[in-house]
1. For the chain, return all DSSP H helices satisfying: extent of Cα atoms along own axis at least 30 Å; mean Kyte-Doolittle hydropathy at least 0.0.
2. If you roll a 1.4 angstrom probe over the protein chains with everything in place, what fraction of the accessible area of the stretch 1-91 belongs to carbon and sulfur, to the nearest %?
3. Once you put a point 7 Å from the Cα of Thr150 and another 7 Å from the Cα of Asp123, both along the Cβ direction, what distance in nm separates them?
4. As a test of reading the structure, rank Leu23, Leu68, Leu29 by solvent-accessible area (1.4 Å probe, protein chains only), most first.
5. Which value, to two decimals, describes the C-alpha radius of gyration of the chain once divided by 2.2 N^0.38 Å?
6. Given the DSSP H assignment, sum -39500 (n - 2.57) over each helix run of at least 4 residues in the chain and divide by its residue total; what's the result at 222 nm in deg cm²/dmol, nearest 500?
7. Once you list every other residue whose beta carbon is under 12 Å from the beta carbon of Gly91, what net charge do they have if Lys and Arg are +1 and Asp and Glu are -1?
8. Counting only heavy atoms of the protein chains, get the accessible area per residue of the chain (1.4 Å probe) and round it to a whole Å² value.
Amino acid sequence: KMIGAVKDVTVTRRAAARIQALLDLGDRLTQLSDIESMASAAADLMAKALDATRAGFGIVDPVNETVLMQPQWTAPGITPVTGLHHFRAYGSFINDLKMGNPVVIPDVTQDPRTAANAQALLDLGIRVLVNVPVIDQGNFSLVVFVHHDTPYQWSNEEIAFVRSFGDRIQAAIARVRAESEQQLLHR
């Protein structure tokens, strides 16, 4: 008789990829000095660790309910969404983001917050939507997003990982802005 044990290595592999991505992010951010390249590098690491089709960061204007999507990582054949977007054109989940809650939508056609606008999301290749708000001094200032074009089950660990990326990119952006202000003062 042969006795064996089968272990799902996918969960272990993904956890290891997330840890490695966080380590790599720290290394990359210290070498970069502009917001666009920091967002691009972080999006690349985050997307690959989560097997996403698109991932990145957007600078939020909570009053006008818009987001300026920074250059992001996209899988081959996936169109980038760089530029200015109005949250309400894609659903009503902006309300959750303003309260500081992450938005995890496993299927944009089924969720009541996006069902009426599902076609606009599907046209962009978004079937699964994850948005994690980054709150800075009480203000919703940055959103971290991850998209999948096919169904994907998100774990709490993965959502915490996305939040960690958002916090790290926010700290890096603050560092760059402070260095810029300091240089201005020196002049």
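The values are calculated or read from the model by the stated rules, or taken from the named source; none is laboratory data. Since the structure is predicted, the reported quantities are computational estimates derived from the model, not experimental observations. A quick note on method: Cβ atoms are made from the backbone with ideal geometry, for glycine too, and the neighbour counts reach across all protein chains shown. These accessible areas exclude ligands, DNA and RNA; they are computed on the full protein's heavy atoms, side chains included. Shrake-Rupley method; radii C 1.70, N 1.55, O 1.52, S 1.80 Å.
1. Span-like helices in the chain: 9-31.
2. 60
3. 2.5
4. Result of the area sort, largest leading: Leu23, Leu68, Leu29.
5. Compared with the compact-globule rule of thumb, the chain sits at 1.10.
6. It lands at -14000 deg cm²/dmol.
7. On the way: positive: Arg88, Arg113; negative: Glu65, Asp96, Asp111.
Net charge in that neighbourhood comes out at -1.
8. Numbers: 10140 Å² over 187 residues.
It amounts to 54 Å² per residue over the chain.
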